[in-house]
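Please read the structure below before turning to the comments.
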Amino acid sequence: MRPAPMRVVSGIQPTGNLHLGNYLGAIRNWVRMQDEMEDGAQCLFFLADLHAISQPHDPAELKRGTLEMAAALVACGIDPNRSILFNQAQVPAHAELQWLLAGTARMGWLNRMTQWKDKAGKNREGQSVALFTYPVLQAADVLLYQASHVPVGEDQKQHLELARDIAQKFNNDFGETFTLPEPIVPPQAARIMSLRDGSAKMSKSDASDMARINLADDADLVMQKVKKAKTDPEPLPSEVAGLADRAEALNLVTIYAALANESADAVLARFGGQGFGAFKPALGELLVETLRPISTRFTELLDDREALDAILAKGAARAREIGRPTLDAAYAALGLIR
Ligand code: ADP
């Protein structure tokens, strides 16, 4: 028997004010995954807007963030004709299946989740119910589509295990319904640091806009930010080991390497011995070249709400269609008459 084609399901928080860290650390991985899929394999990428309400949030910001993330994903190379791109809220089956699975998930299982312990801290009583149960929604997110593979970083491994436990128990108790998804380790993503402080992550919440390169920044601003980036007076070494105590220099070399798809050592083999007077303009140019098509498409899409809505509606329609047989099977297995 030929193995069934791979079906990968992955979600991303719908945050706005997107920057180079989001691109190199998260979005580009999805684009790569999509581009490396074999024929017949499928990627479902969703914006986790239902997850966003598990913690205090601002509704207007959530809406803006969802649209921005959708625009960024398409601008960065997610092809809505090849991948299925949607937001959870347009596919009610996620929320429905979550409830159907809530009868199977055990309190003890959720209590053991380290994310819950970390996020709730000492104030468990004051947390939303959703913060406790969101791993069940995550299980629904992937089981709904009979995902064969789910990319998970270290912090999400435990939640995928939980999804498998829930699927296994449901299958045992009510009959074979769900595929147990396998984890795939996403390609190593770059961690991009602030341009003003090499020990802090580049983040949308940094008070200084000069600390980050935003996806919407124009070429002049990108150049200016790179030229003003904090560095030191030393020339670059010819191997990455020489950057051990030079966080800001290491960050700029890391960015160059990520954009050029090279190792940091390969970059330093070329730039070793040169100072930042030479390296910064080269980095700036590479950034501008890489980001120009992305920021053009990104701002175009953000200005065209109709196009963006159409992309998400089409993705959601396909997701609803793929999820329907599994949702129906889950209702039926539980003895629910519809
Ligand atoms: P921010 O830190 O700006 O608030 P988010 O927490 O919303 O960013 O992150 C959204 C996604 O982008 C996550 O997958 C996160 O790992 C990735 N990401 C954010 N900042 C960086 C960074 N500086 N380097 C690498 N990846 C990042």
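The values are calculated or read from the model by the stated rules, or taken from the named source; none is laboratory data. Just so we're clear, the structure is a prediction, and the values are computed from it rather than from any experiment. All Cβ positions, even for glycine, are placed from backbone atoms using ideal geometry, and neighbour counts span all protein chains on display. Accessible surface areas use protein heavy atoms only, side chains included; no ligands, DNA or RNA. Shrake-Rupley method; radii C 1.70, N 1.55, O 1.52, S 1.80 Å.
Once you list every other residue whose beta carbon is under 14 Å from the beta carbon of Y331, what net charge do they have if Lys and Arg are +1 and Asp and Glu are -1?
Net local charge, Y331 excluded: 0.
Can you list the equivalent-ellipsoid semi-axes of region 107-172, largest first and in whole Å, using the square root of 5 times each Cα gyration tensor eigenvalue?
Values for region 107-172, descending: 22, 13, 10 Å.
What is the dipole size for region 59-137, taken about its Cα centre, with +1 at each Lys and Arg Cβ and -1 at each Asp and Glu Cβ, in debye to the nearest 20?
Roughly 340 debye for region 59-137.
Can you quote the Å³ per residue value for the convex hull of the Cα atoms in region 205-338, rounded to an integer?
Each residue corresponds to 205 Å³ of Cα convex hull volume.
Taking the Cα centre of the chain as origin, work out the dipole magnitude from +1 charges on Lys and Arg Cβ and -1 charges on Asp and Glu Cβ, in debye rounded to 20.
Using Cβ point charges on Lys, Arg, Asp and Glu, the chain gives about 600 debye.
So which GluC sites (Glu not before Pro) in region 91-196 pass both tests, a DSSP loop state and at most 15 other Cβ atoms within 10 Å of the Cβ?
Hits after loop and neighbour filter: E125, E176.
Please turn the phi angles of region 11-21 into ³J(HN,Hα) values with the Karplus equation 6.51 cos²θ - 1.76 cosθ + 1.60 (θ = phi - 60°), one per residue in order, whole Hz, x for glycine and proline.
Coupling constants for region 11-21: x, 9, 5, x, 8, x, 6, 6, 9, 4, x Hz.
List, in order, the whole-Hz ³J(HN,Hα) value for each residue of region 141-153 obtained from phi through the Karplus relation with A = 6.51, B = -1.76, C = 1.60 and θ = phi - 60°; use x for Gly and Pro.
These are the phi-based 3J(HN,Hα) values: 3, 9, 5, 3, 9, 6, 4, 8, 9, 10, x, 9, x Hz.
Taking amide H positions as placed in the peptide plane 1.01 Å from N, state which residues far from V150 in sequence (5 or more) or on other chains have amide H under 5 Å from it.
Correct list: E182, I184.
Determine the percent antiparallel among the DSSP beta bridges restricted to the chain, to the nearest 5.
DSSP beta bridges in the chain are roughly 10 percent antiparallel.
Quick one: which residues, 5 or more positions from M202 or on another chain, have an amide H under 5 Å from its amide H? H modelled 1.01 Å from N in the peptide plane, none for Pro or chain starts.
So M202 has HN proximity to I192, M193, S194.
Note down the net charge around Y134, summing +1 for each Lys or Arg and -1 for each Asp or Glu among other residues with Cβ under 12 Å from its Cβ.
0
Can you tell me the equivalent ellipsoid semi-axes for region 144-191? Use √(5λ) from the Cα gyration tensor, largest first, whole Å. Before the final figure, lay out each step's value.
Numbers: eigenvalues 128, 22, 6 Å².
Calculated on Cα positions only, the semi-axes equal 25, 11, 6 Å.
Specify, per residue and in Å³, the volume enclosed by the convex hull of the alpha carbon atoms belonging to region 293-337.
92 Å³
Can you tell me which of I166, I213, I53 moves the most in a GNM of the chain? Springs connect C-alpha atoms under 10 Å apart.
Answer for the Gaussian network model of the chain: I53.
For the chain, set up a Gaussian network in which alpha carbons nearer than 10 Å are linked by springs, and say which option among G273, G25, G11 fluctuates the most.
Residue with maximal mean-square fluctuation among G273, G25, G11: G273.
Would you mind working out the accessible area per residue for region 1-141, using a 1.4 Å probe, and quoting it in Å²?
Value returned for region 1-141: 46 Å² of accessible area per residue.
Compute the relative contact order of region 133-290 as a whole-number percentage, counting only Cα pairs closer than 8 Å that sit 6 or more residues apart in sequence. Kindly include the intermediate steps, with their values, before the conclusion.
On the way: 209 pairs, mean separation 28.8, N = 158.
About 18 percent, as a whole number.
Determine one quarter of the surface area of the Cα convex hull of the chain, which equals its mean projected area, and express it in nm² to one decimal.
It is 19.7 nm².
Quick one: 3J(HN,Hα) in Hz for region 110-123, Karplus 6.51/-1.76/1.60 with θ = phi - 60°, rounded, Gly and Pro as x.
5, 4, 7, 5, 5, 4, 4, 4, 5, 6, 7, x, 8, 9
Taking the radius of gyration and the Kirkwood hydrodynamic radius from Cα positions alone, what is the Rg/Rh ratio for region 1-65, to two decimal places? Write out the running numbers ahead of the final one.
Details: Rg = 15.0 Å, Rh = 13.8 Å.
Ratio value, two decimals: 1.09.
P(r) of region 254-320 in 10 Å steps, Cα pairs, percent per bin?
Reading upward from the zero bin: 18, 31, 19, 19, 12, 2.
Can you give me the solvent accessible area of V129 with a 1.4 Å probe, rounded to the nearest 10 Å²?
V129 has an accessible surface of roughly 110 Å² with all protein chains in place.
Between A93, A207, A105, find the one with the highest GNM mean-square fluctuation for the chain; connect C-alpha pairs within less than 10 Å.
With Cα springs under 10 Å in the chain, the top fluctuation among A93, A207, A105 is at A207.
For a quick check of understanding: with a 1.4 angstrom probe and all protein chains in place, what accessible area in square angstrom does M33 have, to the nearest ten?
We get 20 Å² for M33.
For region 1-91, run through the trypsin sites (Lys or Arg not before Pro) and keep only the ones in DSSP coil with at most 14 other Cβ atoms within 10 Å of their Cβ.
R82
Quote the relative contact order of the chain in percent (integer), defining contacts as alpha-carbon pairs under 8 Å separated by 6+ residues.
Working: 513 pairs, mean separation 74.8, N = 338.
With pairs under 8 Å counted, the relative contact order is 22 percent.
To make sure I understand the rule: partners must be lysines, Cα under 27 Å from the Cα of K227, and not fewer than 8 residues away in the same chain. Which ones qualify?
Reachable lysines: K201, K204, K280.
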